[in-house]
Amino acid sequence: MSDDLVRRLLSTPGRWAVVGLGDTPSRPAWGVARYLQELGHEIVPVHPRAETVHGARGYASLADVPGPVDVVDVFVANARVGGVVDAAIAVGAPAVWLQLDVHDAEAEERARAAGLDLVTDRCPAIEGRRLGLPGPA
């Protein structure tokens with residue numbers, strides 16, 4: 001995965017489904033979702049409780065999200081990654097972003113085989129700042 005891919009995903013306004021995003025400010029997904037909004041992205045919380053976060057309506061699963069999704073950002077336990085990647089493929093998302101320490105080699109291979117852009121073991125907020133993209137101080 002290249003800096004060009006990371007920069008493109010972060011700097012091209014899109015609709016990011018943030019899987020595992022709930023309304024808990026102390027969780028990393030909460031801050032990353034806010035950062036994505038500040039970059040100009042629309043966020044869609046995907047969480048079993050379908051909570052509204054940062055003013056965005058939540059959905060219980062990717063399959064429940066109406067309309068297209070540009071990036072599926074994954075904040076789940078490794079045991080659940082495969083199902084999320086399969087759902088991303090099923091809904092036609094063109095990209096999957098696996099957060100720091102989120103891994104599933106077989107699911108990653110399925111994403112690549114399906115032609116999805118894939119970012120692994122990276123945080124959008126850390127990468128955006130590293131690449132000099134705007135965001136909170």
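Observations on the model:
- Restricting the stretch 9-49 to trypsin sites (Lys or Arg not before Pro) in coil, as DSSP defines it, with at most 15 other Cβ within 10 Å: Arg49
- The phi torsions of the stretch 122-131, fed into the Karplus equation with coefficients 6.51, -1.76 and 1.60 and a -60° offset, translate into couplings of 9, 10, x, 5, 5, 5, x, 5, 4, 8 Hz, rounded to whole numbers, with Gly and Pro shown as x.
- Placing a label point 7 Å from the Cα of Ser61 along the Cα-to-Cβ direction, the residues of the stretch 67-99 whose backbone N falls under 18 Å of that point are 67-69, 72-77, 79-93.
- Fully extending the segment from Asp4 to Arg27 would add 5.5 nm, taking 0.36 nm per residue of separation and subtracting the current Cα-Cα distance.
- Applying 1/(1 + (r/R0)^6) with r as the Cβ-Cβ distance of Glu51 and Asp121 and R0 = 25 angstrom yields a FRET efficiency of 0.45.
- For the stretch 5-97, alpha-carbon Rg relative to the globular expectation (2.2 N^0.38 Å, N residues): 0.97
- Using a simple spin-label model with pseudo-atoms 7 Å out from Cα toward Cβ, Glu38 and Leu100 lie 1.6 nm apart.
- Amide H contacts for Val53 (H built 1.01 Å from N in the peptide plane; partners 5 or more residues away or on another chain; cut-off under 5 Å): Gly58.
- Annotation: the antiparallel percentage among DSSP beta bridges lying fully within the chain is about 5.
- With θ taken as phi - 60° and the Karplus curve 6.51 cos²θ - 1.76 cosθ + 1.60 applied, the whole-hertz 3J(HN,Hα) list for the stretch 33-50 is 4, 4, 4, 4, 4, 5, 7, x, 8, 8, 9, 10, x, 10, 7, x, 8, 6 Hz, x standing for glycine and proline.
Quick note: the coordinates plus some simple rules give every number you see, no bench work behind them. Predicted model only: the values in this text are computed from it and were never measured. Ideal geometry is used to build each Cβ from the backbone, glycine not excepted, and the neighbour counts take in all protein chains shown.
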